[in-house]
1. Mind scanning Lys224/Lys343; Lys176/Lys197; Lys168/Lys343; Lys270/Lys292; Lys176/Lys224 and naming the pairs with a C-alpha gap bigger than 18 Å?
2. When Asp240, Asp344, Asp387 are ordered from fewest to most other Cβ atoms inside 10 Å of their Cβ, what list results?
3. With a cut-off of 8 Å between alpha carbons and a minimum separation of six or more residues, what is the relative contact order of the chain in percent?
4. How big is Rg to Rh over region 203-324, alpha-carbon atoms, Rh as the Kirkwood inverse-mean-distance radius?
5. When Rg is the radius of gyration of the Cα atoms in region 332-469 and Rh is its Kirkwood radius, what does Rg/Rh come to?
6. Please report the projected area of region 392-443's Cα convex hull averaged over all directions, in nm².
7. Normalised by the number of residues in region 117-265, what is the relative contact order in percent for Cα pairs under 8 Å and 6+ residues apart?
8. Can you give me the long-range amide H partners of Val362? Hydrogens built in the peptide plane at 1.01 Å from N, cutoff under 5 Å, separation of 5 or more residues or another chain.
Amino acid sequence: MKRTLLCVVVVIACFHFGFMFLEAFAWSTQFVRSLTHLSESAARETVGVGRNMALSNGFLGVALLWATFALREREAYSAQWVLLSFIVVAGVVGAVTMRNYRIFVMQSLPALVALGMSWLARPYARTEDQAIQQIIEIERQILAINAMNPRAIPETAKGAVPRGQHPKLLGLVEAKLIVADNLPKEMRVGVFKEPGKSYDAWIRYSNARNLDDRDPGGHGMAIKLFNVAAETESSNVTQDFVLFDSPVFFVGNPLQYVEFEEATLRAHGKSRSETRIAFLLNYYWRHRKQLKNLRNAQRSDVIDPLAIRYWSMTPYQFGSAVVKYSAKPVGEGAVPVVVERSKDMLREAMKVRLGRTDAEFVEFEFQVQVQTDARSMPVEDPTKEWDEAVSRPITVAHLRIPTRQPFDTEERNLIAENLSFTPWHALHGHRPLGGINRVRQAVYESLSEFRHALNHVPRQEPNPPTQAR
Ligand code: HEM
């Protein structure tokens with residue numbers, strides 16, 4: 001198919017060089033006049049117009065060849081679509097305004113055929129497995145580009161290759177997750193089996209993209225629980241909960257995610273306004289409904305990462321139920337600390353909050369929202385918000401982050417850099433669900449492996465905070 005498409009594109013380009021020749025050098029001949037319906041005298045008077053049209057057709061032919069042969073596969077595909085669509089439209093307008101169907105046949109029809117073939121041969125994933133491979137390939141490129149750009153490396157990474165996503169560490173804190181005492185029986189599953197049970201935890205707070213905390217963006221809260229031996233023989237088994245400060249994801253499924261990743265790659269290194277335009281042109285004009293989710297996820301109101309709510313966005317098994325997780329600050333913790341605006345203001349806010357001596361800990365309620373209706377609360381589409389008025393989140397545990405802990409140290413930062421979180425570090429009873437989560441299984445594994453190999457550090461689950469002190 002690809003080879004035939006190349007031939008068709010070359011033929012279309014040659015047609016345009018043919019049109020160029022006719023318009024530039026044979027404008028007043030009988031043949032061209034039979035197409036333009038111009039009288040001989042009118043044709044002679046409009047030779048200049050013909051030459052200008054010739055130039056446009058010549059440029060279009062060259063652009064088509066350049067797009068097809070000079071660009072990388074996915075860029076060539078996008079450029080071909082733009083140019084071939086122009087040709088189709090120009091052919092239709094020409095046929096209508098000149099009342100000559102031959103213009104449509106000679107110009108629009110071959111371009112329509114090429115568009116169909118280009119779509120059939122599109123270099124984008126058609127299956128989830130292909131999507132996973134393409135996402136890994138693009139994520140690795142993004143990580144490698146960042147690794148070569150000192151300005152893309154957060155100070156806390158100390159020159160090491162940072163994560164491709166969520167590279168900026170705001171702080172790694174030690175915490176305890178304490179299972180709620182009054183947990184209903186049906187909620188006592190997995191790590192929440194035993195009311196009152198306490199687990200040691202690390203929590204990594206991060207910026208999704210920005211190195212400057214003042215820029216609008218998303219924020220992460222990744223929790224790692226230790227000694228979760230419920231369903232396994234091993235004693236040091238971990239359970240991760242990976243959360244974000246927005247309830248819904250901005251891409252619907254794995255195939256769309258490949259397109260989103262390609263847009264991310266194309267926008268890489270661009271200014272904020274250029275990035276917006278690149279995303280709009282490369283992805284969101286086709287997925288307009290999701291744009292609202294992305295906009296909402298670009299938060300500019302966050303001044304204290306310990307005073308905002310985080311969600312899992314994607315669903316998880318919870319015993320026999322299906323749930324989404326969230327972590328909600330409560331008590332004093334829900335009131336943000338205000339510090340001077342600076343590029344590291346979120347870490348500064350955490351320092352103030354965790355340096356306080358009048359409280360023993362900052363607390364989050366760890367909640368689950370149970371799926372009560374498979375249609376309005378879908379598993380496979382994380383862009384749809386599960387209505388909290390229909391299914392109220394239930395507190396299943398309390399996360400307590402002790403104050404007066406020395407989290408702003410080089411040693412902590414190093415532990416944070418070497419950690420790997422993934423939703424698939426999970427007990428079977430809490431396994432991730434849905435297409436986006438299925439993709440994350442191989443992607444997080446592969447990217448963490450790649451990052452650790454580049455940094456020459458072993459990839460292993462860490463010690464609990466109590467042993468790291
Ligand atoms: C197909 C979709 C997704 C892909 C391909 C993806 C990819 C990644 C990758 C490669 C990392 C870095 C992992 C590492 O190097 O150790 C990462 C980190 C992260 N992702 Fe995703 N992600 C996806 C969806 C999500 C969703 C739905 C959430 C919502 C909670 C999320 C939240 C996070 C967070 C919070 C981190 C930082 C974890 C840490 O602190 O180490 N991601 N993601």
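No lab work stands behind these numbers, since they all come straight from the coordinates. Here the structure is a predicted model, which is why all the values come from computation and not from measurement. Glycine also receives a Cβ, built like all others from the backbone with ideal geometry; neighbour counts cover every protein chain displayed.
1. Going by Cα-Cα distance, Lys224/Lys343; Lys270/Lys292 fall outside the 18 Å limit.
2. Least to most surrounded, the residues fall as Asp387, Asp344, Asp240.
3. For the chain, the relative contact order is 15 percent.
4. Here Rg/Rh amounts to 1.04.
5. Value, to two decimals: 1.01.
6. For region 392-443, averaging the hull's shadow over all directions gives 6.2 nm².
7. Result for region 117-265 is 22 percent.
8. Amide H neighbours of Val362: Ile401, Thr403.
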